[in-house]
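Report on the following structure.
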Amino acid sequence: MTVLVAGATGNVGGIVVRRLASAGVPVRGLTRNPDAVLPAGVEKAVGDLSDARTLAAAFDGVSAVQLFINWGDQSEVVELAVRAGVRRIVLLSSDGTPDELLEGKIRESGLEWTIMRPGEFAVNKIDIWGPAIRAGEPVREAYPDIAGVPVHEEDIADVAVAALTGDGHHGRTHVIRGPEALTHREQIRLIGEAVGREVKIEEVGHDEARADMITNGFPEEVADHILDYFVEWVDTPPPPVSLEAIIGRPGRTFAQWARDHAPAFSPVSYS
Ligand SMILES: NC(=O)c1ccc[n+]([C@@H]2O[C@H](COP(=O)([O-])OP(=O)(O)OC[C@H]3O[C@@H](n4cnc5c(N)ncnc54)[C@H](OP(=O)(O)O)[C@@H]3O)[C@@H](O)[C@H]2O)c1
């Protein structure tokens, strides 16, 4: 029986399909893009989560499915999963803004279910700080001293694989955060260590930081969404979470994440 993974071209889903394929689990990745290239051994299904009518073939012969949030009302997708004979459903939701409607639908589906609620993805830092760091400029930062608990996308994928293929996750809601609280200043220092040069910080106001994010391609509502968290964390920083009980080892550190992603912060070579 096959595992269907939605978001297979994304940060987390891309790792999940690769892990499952290398473990020999039959896996199918969902994408809207017929030309998408998925990792070796991953079957491709083309479909759109916002239109359940496009998903019948994707669900054919599927025993477990990973969905994620943000794509409108996915109630019909859950109903399709039940009709298709899926036994297990795992939802990549969110710690800060969970999709409670979809979570409720999944809890009441009668399937074995697991909800994953990740907090801030460390990989967001590539889009937020990457442009300045790649250009060798100081990072313009409005909240250098707030502490976050960014989580490595590989750890989120590890939790997903455990929930999709392992025992003991049915009926559980896993909050997934990084293992340590680090200020933005500390995170930027660790990225500097990973790329082998000091990254300076230029303190700016909230509105300037917002304008920078929009210039760097963030839609306005996404920039506001992220900055709202930073404002909240001035007084109420999110506590770290140990993943030991879920995946049998601590989550990866931010220093590790920065080393894994050093090329994304290094100057672009045009040679
Ligand atoms: N970034 C954070 O800090 C954070 C925190 C908590 C939760 N989350 C949640 O985590 C989830 C996954 O994030 P990610 O970073 O792994 O994803 P991502 O890299 O942003 O990738 C988005 C994925 O969504 C797929 N997609 C978009 N619209 C779709 C649709 N209508 N039907 C089917 N597929 C669609 C895209 O596939 P194609 O383009 O190939 O179709 C792509 O694989 C998201 O729901 C996000 O809200 C993120």
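Just so you know, all these numbers are worked out from the coordinates, no wet-lab data involved. What you are looking at is a predicted structure, and each value in this text was computed from that prediction instead of being measured. Positions of Cβ are backbone-derived with ideal geometry, glycine not excepted, and every protein chain shown enters the neighbour counts.
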The chain shape via C-alpha gyration tensor axes, a/c threshold 1.5: prolate
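Just for the chain, what percent of DSSP beta bridges are antiparallel, to the closest 5?
Of the beta bridges lying entirely in the chain, close to 5 percent run antiparallel.
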Selected from Ala6, Val25, Trp71, residue furthest toward positive end of dipole (region 2-118; charges at beta carbon): Val25
Shape of region 190-243, Cα gyration tensor, a/c cut at 1.5: oblate
Rounded to whole Hz, the Karplus (6.51, -1.76, 1.60) HN-Hα couplings of region 29-35, x for glycine and proline: x, 8, 8, 7, 9, x, 8
With Cα atoms, 0 to 90° folded angle of helix 220-235 axis to the chain main axis: 70
Debye, to nearest 20: dipole size of the chain, +1 on Lys, Arg Cβ, -1 on Asp, Glu Cβ: 1180
Relative contact order (%) - criterion: Cα under 8 Å, at least six apart; region: region 101-182: 47
FRET efficiency estimate (nearest 0.05) - Cβ-Cβ, His170 to Asp73, R0 41 angstrom: 0.95
Percentage relative contact order, region 1-124, counting C-alpha pairs under 8 Å, at least six apart: 20
Degrees between helix 184-195 axis and first principal axis of the chain (Cα, 0 to 90, nearest 10): 90
In Hz, Karplus ³J(HN,Hα) per residue of region 200-210 (6.51, -1.76, 1.60; θ = phi - 60°; x = Gly, Pro): 7, 10, 10, 6, 10, x, 4, 5, 5, 4, 4
Region 2-118: radius of gyration and largest Cα-Cα distance (Dmax), Å: 13.0, 35
Max mean-square fluctuation residue, GNM over the chain, Cα-Cα springs under 10 Å, options His174, His261, His152: His261
Of Ala23, Ala142, Ala36, the one that fluctuates the most in a GNM where the chain has Cα springs shorter than 10 Å: Ala23
The chain, helix-only ellipticity at 222 nm - DSSP H runs n ≥ 4, -39,500 (n - 2.57), divided by all residues, nearest 500: -10500 deg cm²/dmol
Phi to ³J(HN,Hα) by Karplus 6.51 cos²θ - 1.76 cosθ + 1.60 over region 143-150, Hz, x for Gly, Pro: 10, x, 9, 7, 9, x, 10, x
